[in-house]
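Rule-based calculations on the coordinates, nothing more; no lab input. Note that this is a predicted model, so its numbers are computed, not measured. With ideal geometry, Cβ positions are generated from the backbone for all residues, glycine too; neighbour counts draw on all protein chains shown.
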Amino acid sequence: MKIAIFTNDGRQSLKVTQKLQKKFEDTHFVMDEKNPDIVVTIGGDGTLLAAFHKYENILGTVRFVAVHTGHLGFYTDWRDDEIDDLVISLQSDNGQSVSYPLLDIRVKYEDDQRPVNLLALNEATLKRNSATMVTDVFVGGDLFEKFRGDGLCISTPTGSTAYNKSLGGAVIHPNLKVLQMTEISSINNRVFRTLSSPMIIAPNDWVTLVPASECDYILTVDQDSFHGRRIEQIRFKISNKSIQFAKYRHMQFWQRVQDAFIGAEYAN
């Protein structure tokens, strides 16, 4: 089995990385940063997101295992004091995995006829830097509304627990391969009107945003941001690709949600 370690630069993360590297060497794992079978991330959800984007071109052959070294992360199954157990689990690996859907994003700029294709694990947002955002919203090819407000958030099911949740969106189980569109401070009055509610979009449909012709839009895709170019349109759809997590003791989704937001001590 080929292993890659992806870590942040925190003191504890680097300490755990050094310890794990030594254990992998002692147990004769092959370290391969370019084409691994397993990527072990050490840090938190931000580290896992960064690793996902680094290896998004080989998602069909790579699985992820996440170790947290700070506050509990939503994607992280292992604590930093469980390295020995993790190595034992890797030694008895049988290839099992659990998959989560991803968001396919296709951006067409006014100055380039070739669309730019991006992937998100959590969400993408479109906002304006210094003024109200105005964009036509198409669902499945049909005009749905003209949105006015601070922006829009398009999330995956697992991403529904992130920025989307803070905006009042629903938490969606990843077995439902849908996307969700949630408004960011929409304008609703006698002149302007939006749905003012999160929308769950079926897997065969897509959402297309055609913003007014301005150059100060900011497109975010997970942790990355893109700006400075005039956007002709952006299309969002559930991707045919998915992310695979090695299923050693992978926590069930609703247990993960409870653990992250409620805590077992408050569940009874």
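Can you give the alpha-carbon Rg of the range 171-268 over 2.2 N^0.38 Å, where N counts its residues? Before the final figure, lay out each step's value.
On the way: Rg = 18.1 Å, N = 98, 2.2 N^0.38 = 12.6 Å.
Taking the Cα Rg and dividing by 2.2 N^0.38 Å, one obtains 1.44.
How high is the relative contact order of the range 150-206, in percent, with contacts defined as C-alpha pairs under 8 Å that are six or more residues apart? Don't skip to the end; give the middle numbers.
Details: 93 pairs, mean separation 19.9, N = 57.
That works out to 35 percent.
Count the lysine pairs in the range 19-156 whose Cα atoms sit under 28 Å apart, keeping only pairs 8 or more residues apart in sequence or on different chains.
Lysine pairs meeting both conditions in the range 19-156 amount to 12.
Tell me what the chain gives for mean residue ellipticity at 222 nm when only DSSP H runs of n ≥ 4 count, each as -39,500 (n - 2.57), the sum divided by the residue total, rounded to 500 deg cm²/dmol.
Working: 5 runs with 48 residues, N = 268.
Calculated from helices alone, the mean residue ellipticity at 222 nm is -5000 deg cm²/dmol.
How high is the relative contact order of the range 102-240, in percent, counting Cα pairs under 8 Å that sit 6 or more residues apart?
On the way: 361 pairs, mean separation 43.5, N = 139.
With pairs under 8 Å counted, the relative contact order is 31 percent.
Only four residue types carry charge here, +1 at the Cβ of Lys and Arg and -1 at the Cβ of Asp and Glu. Report the dipole size of the chain about the Cα centre in Debye, rounded to the nearest 20. Walk me through the intermediate numbers first.
Working: 29 positive and 33 negative charges, 81 e Å.
Computed about the Cα centre, the dipole is about 380 debye.
Would you mind getting me the FRET efficiency between M1 and V171? Use the beta-carbon distance for r and R0 = 22 Å, nearest 0.05.
Details: r = 34 Å, r/R0 = 1.54.
The computed FRET efficiency comes out at 0.05.
What percent do you get for the relative contact order of the chain when only Cα pairs under 8 Å and 6+ apart count? It would help to have the intermediate numbers written out before the result.
Details: 583 pairs, mean separation 52.5, N = 268.
Once normalised by length, the contact order is 20 percent.
So which residue, out of T132, T161, T69, gets the largest mean-square fluctuation from a GNM of the chain using Cα contacts under 10 Å as springs?
T132
Projecting each Cα onto the charge dipole of the chain (Lys/Arg +1, Asp/Glu -1 at the beta carbon, about the Cα centre), which of P198, V221, Q21 comes out farthest on the positive side?
P198
Hey, rough spin-label estimate for K146 and F261, points 7 angstrom out along Cα→Cβ, what's it come to in nanometres?
Label-label distance for K146 and F261, simple model: 3.5 nm.
For the range 102-240, what number results from the quotient of the Cα radius of gyration and 2.2 N^0.38 Å? Numbers along the way, then the final one.
On the way: Rg = 13.8 Å, N = 139, 2.2 N^0.38 = 14.3 Å.
Scaled against compact globular proteins, the figure is 0.96.
Note down the net charge around A202, summing +1 for each Lys or Arg and -1 for each Asp or Glu among other residues with Cβ under 12 Å from its Cβ. Kindly include the intermediate steps, with their values, before the conclusion.
Details: positive: K177, K237; negative: D205.
Here the charged neighbours net out to +1.
Where does the range 1-135 land on Rg/Rh, using Cα atoms and the Kirkwood Rh? If you can, show how the numbers build up before the last one.
On the way: Rg = 17.8 Å, Rh = 16.7 Å.
We get a ratio of 1.07 for the range 1-135.
Tell me which of S97, V257, V87 sits at the most positive position along the dipole axis of the chain, charges placed on C-beta atoms (Lys, Arg +1; Asp, Glu -1).
Of the listed residues, the answer is V257.
Just the number, please: percent antiparallel of the DSSP beta bridges in the chain, rounded to the nearest 5.
Just about 75 percent of them are antiparallel.
By per-residue mean of other Cβ atoms within 10 Å, what is the highest-first order of 216-222, 57-63? Spell out each step's value before the answer.
Numbers: 216-222: 19.3, 57-63: 14.3.
Per-residue mean Cβ counts within 10 Å order the peptides as 216-222, 57-63.
So if each residue of separation counts as 0.36 nm, and I subtract the Cα-Cα distance between S196 and R11, what length gain in nm does that give?
On the way: separation 185, 0.36 × 185 = 66.60 nm, distance 4.37 nm.
Length gained, S196 through R11: 62.2 nm.
Can you tell me what the convex hull of the Cα atoms of the chain projects to on average, as an area in nm²? Walk me through the numbers before you get to the answer.
Numbers: hull surface 65.2 nm².
Computed as one quarter of the Cα hull surface, the answer is 16.3 nm².
Sort the following peptides by mean Cβ neighbour count (other Cβ atoms within 10 Å, averaged over residues), highest first: 9-16, 207-214, 88-95.
Working: 9-16: 14.9, 207-214: 17.5, 88-95: 12.6.
Descending packing order for the listed peptides: 207-214, 9-16, 88-95.
Report, largest value first, the span of the C-alpha coordinates of the range 80-136 along each principal axis, in whole Å.
So the extents along the principal axes, rounded to whole Å, are 53, 27, 18.
Nearest 20 debye, what's the magnitude of the dipole of the range 102-240 about its Cα centre given +1 on Lys and Arg Cβ and -1 on Asp and Glu Cβ? Don't skip to the answer; put the middle values down first.
On the way: 15 positive and 16 negative charges, 44 e Å.
With only Lys, Arg, Asp and Glu charged at Cβ, the dipole is about 220 debye.
What is the packing order of peptides 138-146, 73-81, taking the mean over residues of other C-beta atoms within 10 Å and listing the highest first?
The densest-packed peptide leads the list: 73-81, 138-146.
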